[in-house]
2 protein chains.
Amino acid sequence: MPRTLETASFRFNHTMLRIKDPKVSIPFYTQTLGMELIQKHDFSDFTLYFLAFDHSGGVDTLDIKKKTQMSREGILELTHNHGTENLKETPYHSGNSEPKGFGHIAITCEDVEEACARFEKLGVPFQKRLTDGKMKHIAFIKDPDGYWIEVLPYTRGPTGE
Amino acid sequence: MPRTLETASFRFNHTMLRIKDPKVSIPFYTQTLGMELIQKHDFSDFTLYFLAFDHSGGVDTLDIKKKTQMSREGILELTHNHGTENLKETPYHSGNSEPKGFGHIAITCEDVEEACARFEKLGVPFQKRLTDGKMKHIAFIKDPDGYWIEVLPYTRGPTGE
C-alpha cells in the first residue's frame with residue numbers, strides 16, 4: 001500500500017522504557033550495546049535519556065545528532081523517575097509475564113555468535129542463549145531492569161528464513 | 001563516546017508489542033499511521049507482523065524492503081497469539097498503569113497540528129490532546145490495544161526545547 005501524503009513525513013522515532021537506575025542502565029546501553037547518549041533532560045521529578053546508534057561512522061558531531069534526533073528512527077528513550085535508584089529491585093515489569101503487553105526491543109548485528117560471546121564475557125544475563133530452543137540464530141539478553149533484548153543477525157529473519 | 005568495533009554493526013532494529021486482533025491493528029498501523037506491512041510469518045499458535053515506514057519515496061520494492069529489513073531501524077513487530085481476537089477486550093497491558101514498564105512508541109512528523117486533526121477526524125482515541133497539559137506540541141494517541149503512541153513534530157524536542 002502506498003504511503004499517502006498525509007502520513008509521508010511520519011517516522012517511528014523512539015520507544016520509551018522506564019528504568020530504575022541510570023547509573024546502571026546508561027553504561028549498559030552505551031558500553032555494552034554501543035549506543036550513544038544524545039540528549040539528557042532533567043525535570044524536577046524525572047530525567048529523560050535519549051540514546052541511539054551512530055550510523056555516520058563517527059563523522060557526525062553530537063550537535064548534528066541533537067539536531068537530527070527528531071527526524072531519525074531507532075531512538076531509545078529511558079525514563080528515570082527520581083528515587084527508584086534506591087529501591088532494592090526494579091519496580092518495572094518486562095511485559096513478558098502477566099499482565100503481558102510489550103515484548104522486547106531487538107538489536108541486529110553482523111555476527112550474532114561473536115556478539116553473544118562478548119555479552120557472555122561481560123556477564124550480561126541471558127533469557128535465551130543461541131544454543132537454547134529451536135532458533136539457533138536468535139538470543140535474548142536482559143537489560144538491568146529485566147527488559148528483554150533480542151539479538152539476531154542481519155542475514156536471517158526473525159523466523160529463521 | 002566513540003562506538004567500538006565490537007558493536008559497530010549493531011542496530012536498533014525493532015520493538016515488539018502483542019496485539020489482540022490483527023484485523024483491527026494492521027489497518028490502524030498501515031492506514032492510520034501509514035506504515036507498510038513488510039513481512040508476515042505464520043506459526044501454528046501465533047503470527048508475527050513486521051511494519052515500517054517507507055523512506056524510499058515509494059522507490060523500493062517490497063522485495064528490497066524484505067531484504068533490508070534486518071539491517072534497518074524503526075521496525076514495529078506485532079505478535080498475534082491466535083484466539084485473542086475473540087476476546088471482548090484486549091488481554092494486553094499498556095505499561096502505563098501498575099505494573100509499569102514500557103511507556104510508549106513515538107511518531108515524529110512535519111506538522112503535528114495537521115497530524116492530530118487527521119487522527120481526530122479518523123476517530124482515533126487520544127490519551128493527551130495537543131491542548132491538554134503544558135506541552136502544547138505533544139500529543140498521545142492510543143492504538144487499538146491501548147498502547148500509547150506519542151506524536152510530536154521534528155522541529156521541537158520531546159521537552160519543548
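Here are the numbers for this structure:
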| read-out | value |
| --- | --- |
| Hits in region B:61-92 - residues which are assigned to a helix (DSSP H, G or I), in contact with a Lys or Arg (Cβ under 8 Å, 6 or more places away or on another chain) and hydroxyl-bearing (Ser, Thr, Tyr) | B:Ser71, B:Thr84 |
| Test for B:His55: is it of a type outside the set (Asp, Glu), open to solvent by 20 Å² or more (accessible area, probe 1.4 Å) and at the interface with another protein chain (Cβ under 10 Å from one of its Cβ atoms) | yes |
| Unique match (being part of a loop (DSSP other than H, G, I, E, B) and farther than 26 Å from B:Met35 by Cβ) among A:Gly95, A:Gly58 | A:Gly58 |
| Failed item in (1) outside the structural domain of B:Arg18 (by TED's automatic domain parsing); (2) in a loop (DSSP other than H, G, I, E, B), with B:Ile107 passing the rest | (2) |
| Among the candidates B:Gly74, B:Gly157, B:Gly95, residue that is assigned by TED's automatic domain parsing to the domain that holds B:Tyr29 and either at pLDDT below 95 or open to solvent by less than 10 Å² (accessible area, probe 1.4 Å) (or both) | B:Gly74 |
| Single unsatisfied condition, B:Lys40 versus (1) of a type outside the set (A, V, I, L, M); (2) surrounded by fewer than 18 Cβ atoms within 10 Å (Cβ to Cβ); (3) outside any strand (DSSP E or B) | (3) |
| Residue satisfying condition, being within 16 Å of the chain's Cα centre (by Cα), surrounded by fewer than 20 Cβ atoms within 10 Å (Cβ to Cβ) and at pLDDT 95 or above, within set A:Val124, A:Val151 | A:Val124 |
| Subset of region A:1-35 [more than 19 Å from A:Phe102 (Cα to Cα), more than 14 Å from the chain's Cα centre (by Cα) and either surrounded by 18 or more Cβ atoms within 10 Å (Cβ to Cβ) or within 8 Å of another protein chain (Cβ to nearest Cβ) (or both)] | A:Met1, A:Pro2, A:Arg3, A:Thr4, A:Glu6, A:Thr7, A:Ala8, A:Ser9, A:Phe10, A:Arg11 |
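The values are calculated or read from the model by the stated rules, or taken from the named source; none is laboratory data. Note that the structure is a prediction, hence the values are computed from the model and not measured. Note that we place each Cβ from the backbone using ideal geometry, even for glycine, and neighbour counts take in every protein chain shown. Quick note on the areas: whole protein, heavy atoms, side chains included, nothing else; ligands and nucleic acids left out. Shrake-Rupley method; radii C 1.70, N 1.55, O 1.52, S 1.80 Å.
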